[in-house]
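Participant: One structure, as structure tokens, below. Some questions next.
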Amino acid sequence: FSVSASCSLSAATMTFAPYSGNQLTATSVVNANCTSETPYTISINDSPNNGSAYYLVKNGGNAAIDSNRIEAIFTNGSSVLTQGVVAFSGTGTGSDAVAGTITGTLAAFQTGKLAGSYTKIMTLNVVY
């Protein structure tokens, strides 16, 4: 008989403090639950909106309108993360384990933004 390799991911919601024009950072811990001794890599599956920046869009707003979006950059501590860039790699332990932490940064001086809540749903990809 054989055991098939498998992996699943989970990540905490990244929550920023209210934006007032100053630089803000927030983090999300990514956990991997992979079959013991299974090597894996994790990357962001979404394309950036502008260079390496992703748009957090005002709820009910339109990403094409500058006042409806705030730009965010995501890193793993050493590299800027965009679609397909490996954020973390490791080997499965057979149980839930921390793969790494993604840090999001909202640059200062993004002016003219409308009041409200801004969101971005990101998809992570695991290859094993």
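The values are calculated or read from the model by the stated rules, or taken from the named source; none is laboratory data. Since we're looking at a predicted model, the values are computed, not measured. Every residue, glycine among them, receives a Cβ derived from its backbone with ideal geometry; neighbour counts consider all protein chains shown. Only protein heavy atoms, including side chains, enter the accessible area calculation; ligands, DNA and RNA are left aside. Shrake-Rupley method; radii C 1.70, N 1.55, O 1.52, S 1.80 Å.
Participant: Check each of the chymotrypsin sites (Phe, Trp or Tyr not before Pro) in the stretch 67-121 and keep only those in coil by DSSP with at most 14 other C-beta atoms within 10 angstrom; list them in order.
Facilitator: Details: sites: 74, 88, 109, 118; in loops: 109.
Here the sparse-neighbourhood loop sites are 109.
Participant: Per residue, how large is the accessible surface of the stretch 1-95? Use a 1.4 angstrom probe and give square angstrom. All intermediate terms of the calculation are to be shown ahead of the outcome.
Facilitator: Values: 5150 Å² over 95 residues.
Normalised by residue count, the accessible surface of the stretch 1-95 is 54 Å².
Participant: Whose amide H sits under 5 Å from the amide H of residue 93, counting only residues 5 or more places off or on another chain, with H placed in the peptide plane?
Facilitator: When sequence neighbours closer than 5 places are left aside, the close amide H contacts are 34, 37.
Participant: Counting only DSSP beta bridges with both residues in the chain, tell me the antiparallel percent, nearest 5.
Facilitator: Working: 36 of 37 bridges.
Antiparallel bridges make up about 95 percent of those DSSP assigns within the chain.
Participant: Counting other Cβ atoms within 10 Å of each Cβ, which chymotrypsin sites (Phe, Trp or Tyr not before Pro) in the stretch 1-61 have at most 13 and sit in a DSSP loop?
Facilitator: Details: sites: 1, 16, 19, 40, 54, 55; in loops: 1, 16, 19.
When the chymotrypsin sites (Phe, Trp or Tyr not before Pro) of the stretch 1-61 are filtered for loop state and at most 13 Cβ neighbours within 10 Å, 1 remain.
Participant: Calculate one ³J(HN,Hα) per residue across the stretch 103-110 by plugging θ = phi - 60° into the Karplus curve 6.51 cos²θ - 1.76 cosθ + 1.60, and present them in order as whole Hz with x for glycine and proline.
Facilitator: The phi angles translate into 10, x, 10, 9, 5, 6, 6, 8 Hz.
Participant: Any chance you could look up the accessible area of residue 65 with a 1.4 Å probe, heavy atoms only, rounded to 10 Å²?
Facilitator: For residue 65, solvent-accessible area is about 80 Å².
Participant: For the stretch 1-42 and the stretch 70-96, write down the distance between their C-alpha centroids in whole Å.
Facilitator: 8 Å
Participant: About the Cα centre of the chain, what is the dipole size in debye to 20, counting +1 per Lys and Arg Cβ and -1 per Asp and Glu Cβ, all else neutral? The partial results should precede the final answer.
Facilitator: Details: 4 positive and 5 negative charges, 68 e Å.
For the chain, the charge dipole is close to 320 debye.
Participant: Also: Relative contact order (percent) for the chain, with alpha-carbon contacts under 8 angstrom and 6 or more residues of separation?
Facilitator: Working: 292 pairs, mean separation 47.6, N = 128.
It comes to 37 percent, rounded to a whole number.
Participant: Full extension from residue 122 to residue 26: what is 0.36 nm times the residue separation minus their Cα-Cα distance, to one decimal in nm?
Facilitator: On the way: separation 96, 0.36 × 96 = 34.56 nm, distance 1.44 nm.
Value of the extension gain: 33.1 nm.
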